[in-house]
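K.L.:
I have a structure here, written as structure tokens, and I will follow up with some questions on it.
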Amino acid sequence: MTRVLSSTHLNFPDLLREGDRIIWTQGAGEPVSTIERLLSQLDDVPPVEVFLGASYSGLIRPEHAGRIRFTGMGAVGTTRALAEKGLIDVIPCHLSHVPRLVAAGQLRFDVVILQVSRRADGRLGTGAVNGYVHEALSKSRVAIAEVNEQAPDSTSSTVFDMSDFTHVVHVSRPLIEQAQPTPTELERRIARNVAHFVGDGDTLQIGIGSIPNALAEALSDRRALGLHSGVIGDRVADLIRAGIIDNSRKSVDPGVSVTGVLAGSRALFELAHENPQVAIEPVSRTHAIGTLAAIPNFVSLNSAIEVDITGQAGAELVGSRYYGTIGGLNDFARGALASAGGRSILALPSRTGSGQSRIVPLVRSGVVTLARSDADIVVTEYGAAELRGRNLSERAAAMIAIAHPDDRDTLAAAARRGA
């Protein structure tokens, strides 16, 4: 039987058992009121484990590690503070694999907490974030829906009934917003180099951050673009409002912009509200290789911490410290390679803010996120290295040409040594 109550009446000491594994929606979909209630009762609950994805609420902090064991997919948003102190145990996997791992019981969750929206038809919707958390509902012991009256009634193939949950709480509070960084001139140069590979009618996977924002600016003269992405921010929404992204040439989901997560301002959430032309879909669709391969001219834009002269990319560690994530990098890169006319682009500055080269002889951390066999196009402010089909010598020359000029001799010497 589903219990309907306010978040302040949730009694986690009664709901939780020692060793329970808890998961909740991430990003703008974090169920803030329910998390706050859990943290307020933390001294009275048994030791539990919490799985974290991308978090921006700032609610979970290192001092909570005394009562909670943290696992997750990396260091994204405010979870980076946990990673810096070695307090999150990372599960290295592709985002597309999470639903299968849950279904197989290899990722087990006893308690699932979802922020959901109220739909016009009386059912419950995914709101601003779909993702993968709902995949754990059927195997959970406790399933809590936080119905947020301010969450958008978004279009999605994922819908819920009250009976899908053991507890339902009602709240009305603003969703977590993410500031949209203003690109620097260097980032705009990178974006202009990326834009060279985007033509009218192409379908984009473009995420959030300064370079994606700069690319959105650089595409203002394109027409009939499509969108199929894991996450989008406000600058991509600007392209939708301007009609530059209209999905008119998409063979998959024609006329509809598809994403899994909204990460931006209230205006972005409002764009998705009762809008059949913007769909918030699960990871099992947004990141599925079969879906991506069926989209002609699919252009994937991602980044990395470093890329070596053979095309290997590291997107997880800085030295020995976890700083990023695998996420959907490989899913989208391989999807673009499988697409007819597709392109997979890694875009990054040639150097870090401290002047260290991000084009390296070999991935320094020793952890390769994207294999060189999956490398396609790497872009910096100095140009683009097209690696697909090239041998190692040709790749090294192309990568050195887009490195910072002051780093090229060192890279060339390393290439001659074979290291």
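The values are calculated or read from the model by the stated rules, or taken from the named source; none is laboratory data. Because the structure is a prediction, the values reported are computed rather than measured. Here the Cβ positions follow ideal geometry from the backbone for every residue, glycine too, while neighbour counts run over all protein chains shown. These area figures cover heavy atoms from the full protein model, side chains too; ligands, DNA and RNA do not enter into them. Shrake-Rupley method; radii C 1.70, N 1.55, O 1.52, S 1.80 Å.
K.L.:
Across segment 13-136, how large is the tail of the calculated P(r) beyond 19 Å, expressed as a percent of all Cα pairs?
P.N.:
That tail contains 48 percent of the Cα-Cα pairs.
K.L.:
Roughly what % antiparallel, to the nearest 5, for the DSSP beta bridges in the chain?
P.N.:
Close to 25 percent.
K.L.:
With the Cα gyration tensor of the chain in hand, give its eigenvalues times 5 under a square root as the equivalent ellipsoid semi-axes, listed largest first in whole angstrom.
P.N.:
Rounded to whole Å, the semi-axes are 37, 25, 17.
K.L.:
Need one value: the accessible area of Lys139 in square angstrom, 1.4 angstrom probe, rounded to the nearest 10.
P.N.:
120
K.L.:
Percent of Cα-Cα pairs per 5 Å bin, from 0 to the last occupied bin, for segment 1-79, please list those.
P.N.:
Binned Cα distances yield the sequence 3, 14, 26, 27, 19, 8, 2, 0.
K.L.:
Using only the alpha carbons of segment 348-404, determine the length spanned along each of the three principal axes and report them from longest to shortest in whole angstroms.
P.N.:
Projected onto the principal axes, the Cα atoms of segment 348-404 cover 33, 26, 16 Å.
K.L.:
Averaged over all directions, how much area does the convex hull of the C-alpha atoms of segment 55-96 cover when projected, in nm²?
P.N.:
Over all viewing directions, segment 55-96 projects a mean Cα-hull area of 3.0 nm².
K.L.:
Follow-up. Below 12 angstrom from the Cβ of His167, what's the summed charge of the other residues (Lys, Arg +1; Asp, Glu -1)?
P.N.:
Result for the local shell: 0.
K.L.:
Mind jotting down the three principal axis lengths of segment 217-346 based on Cα atoms? Whole angstrom, largest first.
P.N.:
Taking max minus min along each principal axis of the Cα atoms, segment 217-346 gives 45, 34, 31 Å.
K.L.:
Moving to a separate point now. Counting other Cβ atoms within 10 Å, keep those with at most 11, restrict to DSSP loop, and tell me which GluC sites (Glu not before Pro) in segment 108-182 are left.
P.N.:
Those that pass, being in a loop and sparsely packed, are Glu149.
K.L.:
Can you give the net charge of the other residues whose Cβ lies under 13 Å from the Cβ of Arg388, counting K and R as +1 and D and E as -1?
P.N.:
Summing Lys and Arg as +1 and Asp and Glu as -1 gives +1.
K.L.:
Of Ala128, Ser117, His167, whose Cα points farthest to the positive end of the dipole of segment 73-198 (charges on the beta-carbon: +1 Lys, Arg; -1 Asp, Glu; origin at the Cα centre)?
P.N.:
About the Cα centre, the residue reaching furthest to the positive side is Ala128.
K.L.:
Accessible surface of Met162 in the full protein assembly, 1.4 angstrom probe, to the nearest 10 Å²?
P.N.:
Counting only protein heavy atoms, Met162 exposes about 80 Å² to solvent.
K.L.:
Further question on the same structure: Grab the other residues whose beta carbon is less than 13 angstrom from that of Leu348, score K and R as +1, D and E as -1, and report the net.
P.N.:
Every neighbour counted, the sum reads -1.
K.L.:
Ok, one more. Under the rule of -39500 (n - 2.57) per DSSP H run of 4 or more residues, summed and divided by the residues of the chain, what mean residue ellipticity at 222 nm is obtained, to the nearest 500 deg cm²/dmol?
P.N.:
Helix-only estimate at 222 nm: -6000 deg cm²/dmol.
K.L.:
Using alpha-carbon positions, what is the distance between the centroids of segment 123-177 and segment 70-118, in Å?
P.N.:
Cα centres, segment 123-177 to segment 70-118: 17 Å.
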